[in-house]
Amino acid sequence: MSNFVSIRLKKVIYSGESVGRDISLGISLLDKNINLNTRLQRGQERNYNKTLFQGIVGVENKLPIGFSVIERDLIKDDEGYTSGTLTLSSNTTESKFDVPVSEFRVVGRKIKTAFFTFVIESTVTNSIRYTSDVWPKGWLMVRDEGSGERILIPQFLKLELMKIKDGRDHFKILEGKFKGKIMSVRKKSKTHSYLLDNIYHEQAAELIFKQEEKLLIVKGLGTYSNIAMKTSNLIPFGTYDLELPWEIHPIARRYSGYAMTWFRIGNEGDRFLHTGSVSLGCITVKDTEKWTEIYNFLIRRRKDNSSVGTIRIE
């Protein structure tokens, strides 16, 4: 399982003796070199809260990291270097690295030594995320990073967060119609995302539809009787997968709630479980309030990466 890691330069502390104040800071991490120029005096500290890295890291829990400090002088720069290991854990941790910098005024004679302490904050979380419920109800608008196309994906779809860049979360879709595709979505704010990390899928749903009685039984939820089914176009008896929603159905926009989200019966064709007032061959829950109840139950369920469960037609 990969982890999503966020590493920040929290602050830099200048201690020891004074070697000057025109400071150039350098950090090397994961093939990246970050350079910062600042004016800092002995006894001061500078808050940065600067992101050094955000992205996927494998099972490794230690990363090499290097630091450099150069104090700019007209005659000779004062320099210091340090390397170390950043240890990652399953939460937010703070690490400190000291870089000594010595100032020489006479050849071969050390005059002063300063210390620059880099305070690094690392946060490690599971890379798995899920889509939130935005607009229209039950769907989230994202961008296909391959084609640039705008696409709606359903609520609670399982994703892997890859990186955060330019105010957007970039992720791979792990299930459903767009499985394997790289998408992105703008962040809700600097600190908040439309992707959730506290959602867990539940076991597969089991439904039974009794055609003659027009009864829909959702095991663990209830029995629903206000169902439309076209008697001249009945679904053959048998057990079918109930697929993850894979496209929005704008024909149902006149209904409230989650009416535009339909679950296809089987892996092909145009038979669906949905809400509405009539049926052309689908199983139609006529009470839209009851449909919201059924939707909320089904959308968290998984049989596999393409289905929320099964429905048996009797």
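The values are calculated or read from the model by the stated rules, or taken from the named source; none is laboratory data. Everything numeric here is computed off the predicted structure, so don't read it as measured data. Neighbour counts run over all protein chains shown; Cβ positions are idealised from the backbone, glycine included.
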(message) Just to be sure I understand, how many residues within region 280-308 are under 18 Å from Pro236 (Cα atoms) and either buried (at least 19 other Cβ atoms within 10 Å of the Cβ) or under 26 Å from the mean Cα position of the chain (by Cα) (or both)?
(response) 3
(request) Run Glu212 past the list (1) part of a loop (DSSP other than H, G, I, E, B); (2) outside the structural domain of Lys286 (by TED's automatic domain parsing) and report the number of the one that doesn't hold. (result) (2)
(request) Among what's in region 46-83 and is surrounded by 17 or more Cβ atoms within 10 Å (Cβ to Cβ) and small (Gly, Ala, Ser), pick the residue that is modelled with the lowest pLDDT. (result) Gly55
(message) Can you pull out every residue in region 23-44 that is surrounded by 15 or more Cβ atoms within 10 Å (Cβ to Cβ) and either outside the structural domain of Ala114 (by TED's automatic domain parsing) or charged (D, E, K, R) (or both)?
(response) Arg42
(request) Filter region 63-105 down to residues that are of a type in the set (A, V, I, L, M, F, W, C) and outside any strand (DSSP E or B) and give me whichever is farthest from the chain's Cα centre (by Cα). (result) Ile75
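Please indicate, with yes or no, whether at least one residue in region 222-242 is touching a Phe, Trp or Tyr at 6+ places or on another chain (Cβ under 7 Å) and surrounded by fewer than 18 Cβ atoms within 10 Å (Cβ to Cβ). Write out each step before concluding.
So in region 222-242, the residues touching a Phe, Trp or Tyr at 6+ places or on another chain (Cβ under 7 Å) come out as 242.
Filter again for surrounded by fewer than 18 Cβ atoms within 10 Å (Cβ to Cβ), leaving none.
Within region 222-242, none of the residues are touching a Phe, Trp or Tyr at 6+ places or on another chain (Cβ under 7 Å) and surrounded by fewer than 18 Cβ atoms within 10 Å (Cβ to Cβ).
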(request) Working only within region 1-45, note down all residues that are small (Gly, Ala, Ser), modelled with pLDDT under 95 and not in a strand (DSSP E or B). (result) Ser2, Ser18, Gly20
(request) Within region 120-159, count every residue that is surrounded by fewer than 18 Cβ atoms within 10 Å (Cβ to Cβ), within 13 Å of the chain's Cα centre (by Cα) and farther than 15 Å from Tyr194 by Cβ. (result) 2
